[in-house]
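Asker: Take this structure first; my questions come after.
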Amino acid sequence: MEAVHFDADDIDFKIMTKTCTQQERITVILHFKWGMTLKEVGEILNLSEGRTSQILKECEKKLGKRFGNA
């Protein structure tokens, strides 16, 4: 399966709101829209960098399925 990657210009936040959990949305916004590293996002959300990465991948997978990319 090919990985799904988004940049801030590709994100439709209305669709993301319907598809992803609040934690996933916050992670995507902080990482892609505000340009924070996974470590920085994890520090804000009190999560490890690895867990932050997992959350991001979960939302990307959901969005990819919604758009037929996964």
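Asker: Under the 0.36 nm per residue contour assumption, what length would be gained going from the current alpha-carbon distance of Ile26 and Ser48 to full extension? Intermediate results must be reported in sequence, preceding the final value.
Answerer: On the way: separation 22, 0.36 × 22 = 7.92 nm, distance 1.50 nm.
Gain on extension, Ile26 to Ser48, equals 6.4 nm.
Asker: If you don't mind, another one. Could you please put Leu38, Leu56 in sequence from largest to smallest accessible area, using a 1.4 Å probe?
Answerer: So the residues, ranked largest to smallest area, are Leu38, Leu56.
Asker: Tell me, what is the 1.4 Å probe accessible area of Glu40, in Å² to the nearest 10?
Answerer: 80
Asker: As a test question: what accessible area, to the nearest 10 Å², does Arg25 have when a 1.4 Å probe is rolled over all protein chains in place?
Answerer: That residue has around 60 Å² of solvent-accessible surface.
Asker: Give the ranking of Thr19, Thr37, Thr52 by solvent-accessible surface, highest area first, calculated with a 1.4 Å probe.
Answerer: So, going from the largest accessible area down, we get Thr37, Thr19, Thr52.
Asker: Further question on the same structure: Go through Lys33, Lys18 and list them by solvent-accessible area, largest first, probe radius 1.4 Å.
Answerer: Lys18, Lys33
The values are calculated or read from the model by the stated rules, or taken from the named source; none is laboratory data. Not measured: the values here are computed from a predicted model. Only protein heavy atoms, including side chains, enter the accessible area calculation; ligands, DNA and RNA are left aside. Shrake-Rupley method; radii C 1.70, N 1.55, O 1.52, S 1.80 Å.
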